[in-house]
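Worksheet: the structure to be examined is printed underneath.
The values are calculated or read from the model by the stated rules, or taken from the named source; none is laboratory data. Computed from a prediction, not measured in an experiment: that's the story for all the values here. Note that each Cβ is placed from the backbone with ideal geometry, even for glycine, and that neighbours are counted across all protein chains shown.
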Amino acid sequence: MADRNALSKYREKRNFEATPEPAEGGEANEGARSFVIQKHWATRLHYDFRLELEGTMKSWAVPKGPSYDPNEKRMAIPTEAPPISYNRFEGTTPPGNYGAGKVIIWDKGVWIPLEDPHEGFREGRLKFEMRGHKMHGRWTLVRMNGRGEGKRQDPWLLIKERDEFAQPAAQFSVVDEMPDSVKEREDRPEAKAAPRAKTAAAPSDGPPAGARKAALPAELQP
Ligand code: MN
């Protein structure tokens, strides 16, 4: 469990007598770090993109949600990190409270850093693989306006890497075609078939699966 300091920003924004959100809790699992993406109908709809790191869920608000098109860079605004137990939160924060509105678990699963995630988070560049129900393959979160510390408020971009899961936006919009909760589905799905546009043509020209596996560090191979 994270120390209270790591959760101070999260806690100071909330009155836990009034909101159903958890104040603390949840178990870290650095061997298989969890991720969750919560669809949040607040003042404005957005997707809260959360990665387990250093005992809390590092978080970004992504107004448009993720895109499988590497050309569609999605704005990701850093927000306060909730406890790991927040992964299971689905519900409605009452009017008048911070972040008031309905929340669903839009996707969940495991994320695998492809570079040192501690340094990456500080420096503003995270490269990782996602194994969720909707999120698959390699993704990058990169802070705009250069790297380095002291830029905690700068927006980041969420970008799909060019791999066998990437698809043009004209063929597939994951937020439109897969809008619903995955709360009742397994917490740690294995990488399964990629979501594909119904009208998708031949598979993309990404590297064959074997080549991709060979490029991963040994501990990441199945
Ligand atoms: Mn939110």
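What to note about this one:
- Test set (1) closer than 17 Å to residue 59 by Cβ; (2) modelled with pLDDT of 95 or more; (3) within 16 Å of the ligand (Cβ to nearest atom) - residue 102 fails condition number: (1)
- Test result for residue 82, farther than 23 Å from residue 167 by Cα, of a type outside the set (Ser, Thr, Tyr) and surrounded by fewer than 22 Cβ atoms within 10 Å (Cβ to Cβ): no
- Here 78, 70, 117 are screened, and the one residue that is away from the ligand (no atom under 16 Å from the Cβ), within 24 Å of residue 26 (Cα to Cα) and modelled with pLDDT of 95 or more is 117.
- Meets criteria (under 25 Å from residue 45 (Cβ atoms) and modelled with pLDDT of 95 or more) for residue 197: no
- Unmet requirement for residue 67, which otherwise passes all of (1) in a strand (DSSP E or B); (2) crowded, with 22+ Cβ neighbours inside 10 Å: (1)
- Residue pairs whose Cβ atoms lie under 6 Å apart, sitting 6 or more positions apart in sequence or on different chains, and linking a residue in the stretch 34-53 that is free of Cβ contacts under 8 Å to residues at least 40 places away in the same chain and more than 10 Å from the ligand (Cβ to nearest atom) to a partner that is in a strand (DSSP E or B) and among the charged types (D, E, K, R), do not occur here.
- Residue 28 meets the conditions (1) hydrophobic (A, V, I, L, M, F, W, C); (2) crowded, with 16+ Cβ neighbours inside 10 Å; (3) part of a loop (DSSP other than H, G, I, E, B) in every case but one. The failed one is (2).
- Residue within the stretch 14-25 that is assigned to a loop (DSSP other than H, G, I, E, B), at pLDDT below 85 and over 18 Å from the mean Cα position of the chain (by Cα) present: no
- Where residue 120 falls short, out of the listed (1) out of contact with any His (no Cβ under 9 Å at 6 or more places or on another chain); (2) in a strand (DSSP E or B): (2)
- Test: residue in the stretch 86-94 that is crowded, with 21+ Cβ neighbours inside 10 Å, within 12 Å of the ligand (Cβ to nearest atom) and assigned to a loop (DSSP other than H, G, I, E, B): no
- Within the stretch 113-130, the residues that satisfy the criterion of being farther than 14 Å from residue 161 by Cα and surrounded by fewer than 19 Cβ atoms within 10 Å (Cβ to Cβ) are 115, 116, 118, 119, 121, 122, 123.
- Flag for residue 39 being under 22 Å from residue 185 (Cα atoms) and outside any loop (DSSP other than H, G, I, E, B): yes
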